[in-house]
Ligand SMILES: [Zn+2]
Ligand SMILES: [Zn+2]
């Protein structure tokens, strides 16, 4: 296997033209004994890519290659790496490094490490900028590299590594399973995975959507109930119903009736948001009374740990779960990104390698 990969990718040069990505070479991270190098074959298109490229989460580094749903073939492994060898299929999600020594890292919560290194738009301590997966290759610490089960195709697994994991982790953490009623709000890339996983985990699933054009799809994904959020005071039909309400919405707005939504939660039910809107779009104010009525809780979640990811992949393998995706060549990333921003994707784009 070649170890002299040429690293280049579709990079943001000018944020005012955020869909006009240009091919640029970049410097990969310095290869360390715990690193795995991967020649990328597929990369999913995540809402994070849009928020980053449009500068919605703040000024990004430039030039910048985004993409953090990465799958490919291992080309090189460091001397400490035992679980991968050249030729294996492997993937990287939204995180590529952490301190490996803090309490969170030691407890298997490396996704919450305060010094975690995100897959793109972050920087290694030596100053090398982390570039993402709309590119030829990536190097990452083995803890953040995932083995791909033989039964799952690369095109299918790519978007599991951020979108899938981001919803799998909170579903597991908050007890999704048989006998539980789970609400999924916002049926896009993340929400569609949340329906697939929650059903596979044995829960009764309520999908909440404002888009009536998605109802047939949602039922095919396996949701038991569809709640139309366009209906006035829709929450009043579901008092104290849900054990978990998982929101993937990445736009909030002052008028979002969060307090009313909480009335749908059963006693000690949890509202968990995994959608991360632009920095100028906080959650709305909420009165303490809204928590008292059912003793409910509000929280968040950040991607998932390696353990979560391995479990998720095993669930997908054993239950033969396939995501709803559309493939495009990597050079069409701009079109895919614009469609994600315009909410036209059904339900995830996966870019295929076209740089050689
Ligand atoms: Zn993502
Ligand atoms: Zn740490």
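Each value in this text was obtained by applying a stated rule to the coordinates, not by laboratory testing. This is a predicted model, so every value here is computed, not measured. Every residue, glycine among them, receives a Cβ derived from its backbone with ideal geometry; neighbour counts consider all protein chains shown.
Okay, here's what the table says:
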| item | result |
| --- | --- |
| Mean separation of Cα contacts under 8 Å, 6 or more apart, over the residue count of the stretch 71-129: relative contact order % | 24 |
| log₁₀ of I(q)/I(0) at q = 0.09, 0.14 Å⁻¹ - the chain, Debye sum with one point per alpha carbon | -0.48, -1.14 |
| Percentage relative contact order, the stretch 164-300, counting C-alpha pairs under 8 Å, at least six apart | 22 |
| For 48, 101, order by how many other beta-carbon atoms lie within 10 Å, fewest first | 101, 48 |
| Centroid-to-centroid separation of the stretch 235-279 and the stretch 90-165 [C-alpha atoms, Å] | 29 |
| With Cα atoms, 0 to 90° folded angle of helix 163-173 axis to the chain main axis | 50 |
| The stretch 289-356: C-alpha gyration tensor shape, a/c 1.5 cut-off, then a/b vs b/c | oblate |
| Nitroxide proxy distance, nm - points 7 Å out along Cα→Cβ at residue 322 and residue 289 | 5.1 |
| Ordering of 270-279, 52-61, 192-201 by packing [mean C-beta count within 10 Å, highest first] | 192-201, 270-279, 52-61 |
| Relative exposure of 31, 7, judged by other C-beta atoms within 10 Å (fewest first) | 31, 7 |
| Estimated 222 nm signal from helices in the chain, with DSSP H stretches of n ≥ 4 weighted -39500 (n - 2.57), rounded to 500 | -5500 deg cm²/dmol |
| Packing-based exposure ordering (other Cβ within 10 Å, fewest first) of 144, 234 | 234, 144 |
| 18 Å cut-off, amide nitrogen to a point 7 angstrom out along residue 151 Cα→Cβ, residues in the stretch 302-316 | 309-316 |
| Nearest-ten-degree value, helix 189-200 long axis tilted from longest Cα axis of the chain | 70 |
| Antiparallel DSSP beta bridges within the chain, as percent of all bridges there, nearest 5 | 55 |
| Percentage relative contact order, the chain, counting C-alpha pairs under 8 Å, at least six apart | 18 |
| Residue 236-residue 280 pseudo-label distance in nm [points 7 Å out on the Cα-to-Cβ vector] | 3.5 |
| Segment residue 356-residue 83, length gained on full extension (0.36 nm per residue, minus Cα span) | 95.6 nm |
| Degrees between helix 306-318 axis and first principal axis of the chain (Cα, 0 to 90, nearest 10) | 80 |
| Peptides ranked, highest mean first, by Cβ atoms within 10 Å: ranges 202-208, 250-256, 69-75 | 69-75, 202-208, 250-256 |
| The stretch 164-300: C-alpha gyration tensor shape, a/c 1.5 cut-off, then a/b vs b/c | rounded |
